[in-house]
1. Within the set of pairs 6+ apart or on separate chains, which have a first residue in region 97-121 that is at positive phi, a second that is among the polar types (S, T, N, Q), and C-beta atoms under 6 Å apart?
2. Determine, yes or no, whether GLY103 is surrounded by fewer than 19 Cβ atoms within 10 Å (Cβ to Cβ), in contact with a helix residue (DSSP H, G or I) (Cβ under 6 Å, 6 or more places away or on another chain) and either closer than 19 Å to ARG52 by Cα or not assigned by TED's automatic domain parsing to the domain that holds ASP54 (or both).
3. Do you know which residues across region 154-175 are at pLDDT 80 or above and within 16 Å of the chain's Cα centre (by Cα)?
4. Any residue at all in region 47-65 that is of a type outside the set (Gly, Ala, Ser) and on the phi > 0 side of the Ramachandran plot?
5. Tally the residues that are loosely packed, with under 15 Cβ neighbours inside 10 Å and either assigned to a loop (DSSP other than H, G, I, E, B) or touching a residue at least 24 places away in the same chain (Cβ under 8 Å) (or both), restricting the search to region 145-169.
6. Can you tell me which of ASN128, ASN108, ASN114 is closer than 30 Å to GLU169 by Cα and surrounded by fewer than 15 Cβ atoms within 10 Å (Cβ to Cβ)?
7. Which one is surrounded by the most Cβ atoms within 10 Å (Cβ to Cβ), of the residues in region 178-192 that are touching a Phe, Trp or Tyr at 6+ places or on another chain (Cβ under 9 Å), within 30 Å of ARG52 (Cβ to Cβ) and not β-branched (Val, Ile, Thr)?
Amino acid sequence: MLTPKQICKLLGLSYKRHHNYVAKTKWEWKYYYKNERGSKCSNFYCFKAKGRLDKELSVALRRVVQADWERGGLGFGWVPSKPRNRFWIWKSKFGRAVWFETGLVGLNVRRPGNLGKAKQLFCDAFVNTGLVTDFKVLNPILERIRPKSGHFPYRAGERLLYMVIRDFEQTHGVVIKVGDRTHPDSVEVIASFSDTLDDALDKLERL
């Protein structure tokens, strides 16, 4: 929080001679991503969830969207991506849905996010657009939507010293950040399902 001039005074350095170096060092400590100061992933309530369409249903619906798009239509609001894995993107006020060929649907919910908004985002993308009209088909899909990751800041009411705790990242999928640039007065818990657990839940759902 100190200015380069104040830092030079504390260190007994000539401000005229060293101010450029001190300013550069301060900037790198605060913003350079390798120091994890102000990481771009640490947004307010960065809530992500995932759902999955049955493979046959997904293939059939993608053909409908593709056909509409090729006829010059709006593709039911879905926009094709440029990368080779050919996913479709749908955006609304609740966030963004990403639909892959496998039937996986990634749901990136705008802040503040929760599971209810993730399901609403899914319904907006598939039900309100008219792609899915049978609730017997819809309800099981909604039940399988689950959180993938989330950022949960808890305000302390004062600026905190910067710290990152990764002791539980591999075992529990939890990272704790304190005093991040995006939340200087907060303790932020970043929780996510590990890939192993996520894969296991997918297999159980298929069974």
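1. The qualifying pairs are GLY103/SER58.
2. On the way: surrounded by fewer than 19 Cβ atoms within 10 Å (Cβ to Cβ): yes; in contact with a helix residue (DSSP H, G or I) (Cβ under 6 Å, 6 or more places away or on another chain): yes; either closer than 19 Å to ARG52 by Cα or not assigned by TED's automatic domain parsing to the domain that holds ASP54 (or both): yes.
Judged against the criteria, GLY103 is a match.
3. Correct list: VAL174, VAL175.
4. Filtering region 47-65 for residues of a type outside the set (Gly, Ala, Ser) gives 47-48, 50, 52-57, 59, 61-65.
With the extra rule that they be on the phi > 0 side of the Ramachandran plot, the set shrinks to none.
For region 47-65, residues of a type outside the set (Gly, Ala, Ser) and on the phi > 0 side of the Ramachandran plot: absent.
5. To start, the set of residues in region 145-169 that are loosely packed, with under 15 Cβ neighbours inside 10 Å comprises 154-159, 161, 163, 165-168.
From the residues that got through so far, the ones that are either assigned to a loop (DSSP other than H, G, I, E, B) or touching a residue at least 24 places away in the same chain (Cβ under 8 Å) (or both) too are 154-159, 161, 166-168.
The qualifying residues number 10.
6. Of the residues listed, the single one that is closer than 30 Å to GLU169 by Cα and surrounded by fewer than 15 Cβ atoms within 10 Å (Cβ to Cβ) is ASN114.
7. Initial filter on region 178-192 (touching a Phe, Trp or Tyr at 6+ places or on another chain (Cβ under 9 Å)): 178-184, 186-191.
Restricting the remaining residues to those that are within 30 Å of ARG52 (Cβ to Cβ) gives 188-191.
Still in the running and not β-branched (Val, Ile, Thr): 188, 191.
Working: GLU188: 22, ALA191: 16.
So, considering only residues that are touching a Phe, Trp or Tyr at 6+ places or on another chain (Cβ under 9 Å), within 30 Å of ARG52 (Cβ to Cβ) and not β-branched (Val, Ile, Thr), the one surrounded by the most Cβ atoms within 10 Å (Cβ to Cβ) is GLU188.
The values are calculated or read from the model by the stated rules, or taken from the named source; none is laboratory data. Quick caveat: nothing in here was measured; it's all calculated off a predicted structure. Cβ: placed from backbone, ideal geometry, glycine included. Neighbour counts: every protein chain shown.
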